[in-house]
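Q: The structure follows.
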């Protein structure tokens, strides 16, 4: 009890006065929760069926998921204002996936995904400022405005890929490099239920298994590939089994703890040199496929509402924490306020930051090359290309 | 497509979201409701697979229209387009035709960045055995798709997403169910005397805009809408150059090995070369992967001002 009080008071010393009231209450330092048993394919045992959540981790996961949520909603707003252009694929509803996966690996591990990538870009370490400024196409964006929504990169995060399925062989290749380098790193290679029918994925499965690559194939199954439901696209919708000879697990993708435990399990499998493994995360997106898709011509509003009210990942975590004395409602509300402010500040930056300079149009065509001339719209328009 | 589906029951459409979603860009709106599952088929996201399936169906006598959601995704299936469709009639010495149409939006859109903005006119136009068409306006689109479907050869139709939403006045003749635009014939959209400006797809509109501006300065441009990339109607271009003595080509794709490069080479090989008073000038997309930021994107595609500049340079004004 004393230890808890002193820890809490120590925390209070760093925070403004309003916090002292909250901090004077003591919380549990952790709690244990039951998580859904994963369906297994070619595995004798799966991840544990309980998970321990510390207060610290809980607050961190909550803040991260809330940040992704508000980031996506802000992107929606900016897109409707035409400040974001082109393609914009939002992942609100799927926050437990990016946050849970990150919680199960190390920063030195690797991750690659497709175009619904804003959440991963954040969990892999970029700031909301850099992300929003990239979405608005400004020089402060993580790709200096050259890439946009689908082409954001960070250390050990290989994007952000526009061509459905192409990222999967890439991920297997990153895993090959991991094995080659011998540092027991793994690569999380993500794709959706729509992409799961791409031939190149099966080619990647085969080689990853043959060569025992430390590749965790992850199917983020949100039930719809653009406007096509899983039943209309796949002869088998048991995505966790479609690696055939690759062991698989089907995970509750709306529960951040379930995702975390499954990821730890999968990573351990790969690090032990057992070869690839496949995880299917059952999740849901609230928005349509992209901002051009209202998302209600192929699914009902009732379905969307049902998921929101019963399975929202942020709500699930919040309820668990509040009901088990890991946090208070007020405290979580304060985090909400903090997150909103952070996103608002980032959006202001992203809207005010200037576009990249025209002189840089030709930059970064090649790597490590001496500068050369790039032809513009006609032979008299020239741009300099610098590596 | 509706008219051709009605006319010939061997015609069918397959691709991603073409049926129940009414088409990613609503091009096939209403078709599934009218023709059902047998003739309008939603495929999984498996380009290589369904393109191959479409080619196989064509080999067996059906007349498929295979839609690529954009031609960027056709790269995943390009082996089937070239090796299985384009070359087969030749390899079989005339035994095995492949009456297939590959269609979809091509080239730059707005803010869709590098992987979604490539123009494939030069890539597909390079291959013997393929026919490649590139409509600009509604008349082109209607007439060319019908000709493509009725053609017994593999035809690649490069549409343009930004043009889908543009309305054009459709002349009386074009409203007929049997209105066809012949493949392999260019159209002079605007006659002129001082310079020949050749283009295809959306840039044709930019050329006409440039021509209007220049007309006020006393420069009359002859604007040619290629309509077909392969087989190229070089004769129409030659006849025009022999009249105007100057040539500017305009395309959205990259300059190197592009449509303008081919036109320039052919002009040099033919009778029109001796009529040129200045070298041919090419206006193209910038030689970079398409950037996302608006200012960079705007400067990576040919704008009206770039066309005007090129025309004046060619005319030495």
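Values quoted throughout were computed directly from the atomic coordinates according to the rules given, and no laboratory measurement underlies them. Please read all numbers here as calculations on a predicted model, not as lab measurements. All Cβ positions, glycine included, derive from the backbone under ideal geometry; neighbour counts span all protein chains shown.
Q: I'd like the distance separating the alpha-carbon centroids of segment A:33-53 and segment A:130-206, in whole Å.
A: 27 Å
Q: Return the percentage of antiparallel bridges among DSSP beta bridges fully within chain B, rounded to the nearest 5 %. Before the final figure, lay out the partial values.
A: Details: 5 of 35 bridges.
In chain B, approximately 15 percent of DSSP beta bridges are antiparallel ones.
Q: Let me know the shape class of segment B:187-304, please: from the alpha-carbon gyration tensor, a ≥ b ≥ c as square roots of the eigenvalues, rounded when a/c is under 1.5, otherwise prolate if a/b is greater than b/c, or oblate. Present the calculation step by step, with values, prior to reporting the outcome.
A: On the way: a/c = 1.95, a/b = 1.35, b/c = 1.45.
The shape class here is oblate.
Q: Could you put A:255, A:345 in order, starting from the residue whose Cβ has the fewest other Cβ atoms within 10 Å?
A: Details: A:255 25, A:345 13.
Fewest-to-most ranking of A:255, A:345: A:345, A:255.
Q: Among B:73, B:168, B:102, which comes first, second and so on when ranked by fewest other beta-carbon atoms within 10 Å? Don't skip to the end; give the middle numbers.
A: On the way: B:73 23, B:168 14, B:102 29.
So the ranking, lowest neighbour count to highest, is B:168, B:73, B:102.
Q: In Å and on Cα atoms, what radius of gyration and Dmax does the protein assembly as shown show?
A: Using the Cα atoms of the protein assembly as shown, the pair Rg, Dmax is 28.3, 98 Å.
Q: Another question, then. Could you tell me the largest-minus-smallest coordinate of the C-alpha atoms of segment A:333-386 on each of the three principal axes, in descending order and whole angstroms?
A: 58, 24, 11
Q: Using Cα pairs under 8 angstrom and six or more residues apart, how large is the relative contact order of segment A:249-298, in percent?
A: 37 percent
Q: Ok, one more. Any idea what log10 I(q)/I(0) is at q = 0.16 Å⁻¹ for segment B:1-127, Debye with uniform C-alpha scatterers and no solvent?
A: Those come out to -0.80, one per q.
Q: If you wrap segment B:99-213's Cα atoms in a convex hull and average its projection over all directions, what's the area in nm²? Walk me through the intermediate numbers first.
A: On the way: hull surface 34.4 nm².
Spelled out: convex hull of the Cα atoms, projected over all directions, averaged, 8.6 nm².
Q: What nm value, rounded to one decimal, do you get for the distance between residue A:237 and residue B:26 when each label is placed 7 Å out toward the C-beta?
A: For the pair residue A:237/residue B:26, the computed spacing is 2.9 nm.
Q: Using only Cα atoms, find the angle between the long axis of helix B:304-314 and the longest principal axis of chain B, and express it within 0 to 90 degrees, rounded to the nearest 10.
A: 50 degrees
Q: Another question, then. For residue A:296 paired with residue B:172, estimate the spin-label separation in nm (one decimal), with each label point 7 Å from Cα along the Cα-to-Cβ line.
A: 4.6 nm
Q: Here is a further query. Taking a ≥ b ≥ c as the square roots of the eigenvalues of the Cα gyration tensor of segment A:236-387, is the shape rounded (a/c under 1.5), prolate (a/b larger than b/c) or oblate?
A: Details: a/c = 2.04, a/b = 1.49, b/c = 1.37.
Prolate.
Q: Which of rounded, prolate or oblate describes segment A:309-360 when judged by the alpha-carbon gyration tensor and an a/c cut-off of 1.5? Numbers along the way, then the final one.
A: Numbers: a/c = 4.89, a/b = 2.84, b/c = 1.73.
It is prolate, given that a/c is not under 1.5 and a/b is the larger ratio.
Q: If a paramagnetic tag sat 7 Å from the Cα of residue B:312 along the Cα-Cβ line, which residues of segment B:178-220 would have the backbone N under 20 Å from that point?
A: B:193-198, B:206-220
Q: Rounded to a whole number of µm²/s, how large is the Stokes-Einstein D of chain B at 37 °C and 0.692 mPa s, given Rh as the Kirkwood radius over C-alpha pairs? Could you put the intermediate results ahead of the total?
A: Values: Rh = 20.0 Å.
Translational diffusion coefficient: 164 µm²/s.
Q: Would you mind telling me the antiparallel percentage of the DSSP bridges in the protein assembly as shown, rounded to 5? Write out the running numbers ahead of the final one.
A: Details: 20 of 71 bridges.
Of all bridge pairs located within the protein assembly as shown, approximately 30 percent are antiparallel.
Q: Ok, one more. Roughly how tilted is helix B:259-269, in degrees to the nearest 10 and between 0 and 90, from the longest Cα axis of chain B?
A: Helix B:259-269 sits roughly 60 degrees off the main axis of chain B.
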